[in-house]
Amino acid sequence: MMMKRLGIVPMLITVALITFSTKAQSDLEVFNKVDNTENFTTADLVQMDRNLSNFSVLLRLSGLEASLGQAEGHTLLVPTNEALNKMSIDKFAELTNPKNKAKLMQFIKYHFIAKKVTKWDMKEHDIIDEAGTQKEIRLSNTGDVVYVGGAQIISPAIQASNGLMYIVNNTVTPSEDIVLD
């Protein structure tokens, strides 16, 4: 009986997240109620904005939230709720299944760079392997538009007390082909 309940938990989390994040984000405003983002860690900021609540839940479930709060000088690429809603329900359920915690941790690590990187530091056709993923994450920078692993950066750099944060319109995927608009 307990095993059946554990299988239901990921599905309930998935349904709840999709239900609570249906607002369109074409005019995304993050941290509009935060006076100074530099007073908070990147982990704190992810928790503070409802447009990022799905990633916040994944971060918490991965067990990496505390580590991220203590990590100094990093860059975090945070997909919006809308971006995570593009993921299939099966994929999301797989990531949130407690049996697949290692997969979820790897997914979170794809969104983490172990040093501060500005959009201008991201060069055309660069490759990142900062999180020990042993997989290439391709970058593309046309000056105004920057893609990281297939996700477009859609916000200016958000300065936190322990690093930089960017909001992206998709999940960061290793070896993703770059498609420019």
Odd one out for Ala43, checked against (1) over 14 Å from Gln159 (Cα atoms); (2) in contact with a helix residue (DSSP H, G or I) (Cβ under 7 Å, 6 or more places away or on another chain); (3) modelled with pLDDT under 95: (1)
Any hit, the range 136-144, residues being in a loop (DSSP other than H, G, I, E, B), touching a Pro at 6+ places or on another chain (Cβ under 9 Å), at pLDDT below 95 and open to solvent by 80 Å² or more (accessible area, probe 1.4 Å): yes
Residue match in the range 87-109 (condition: under 18 Å from Leu45 (Cβ atoms) and not aromatic (Phe, Trp, Tyr)): yes
Helices (runs of 4 or more DSSP H) lying entirely in the range 54-99 (those with 1 or more residues that are surrounded by fewer than 19 Cβ atoms within 10 Å (Cβ to Cβ) and out of contact with any helix residue (DSSP H, G or I) (no Cβ under 9 Å at 6 or more places or on another chain)): 89-96
Any hit, the range 40-50, residues being among the small types (Gly, Ala, Ser) and open to solvent by 20 Å² or more (accessible area, probe 1.4 Å): no
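The values are calculated or read from the model by the stated rules, or taken from the named source; none is laboratory data. If you're wondering where the values come from, they're calculated on a predicted model, not measured in any experiment. We place every Cβ from the backbone using ideal geometry, glycine too, and count neighbours over all the protein chains shown. Surface areas here come from the heavy atoms of the whole protein model, side chains and all, with no ligands, DNA or RNA. Shrake-Rupley method; radii C 1.70, N 1.55, O 1.52, S 1.80 Å.
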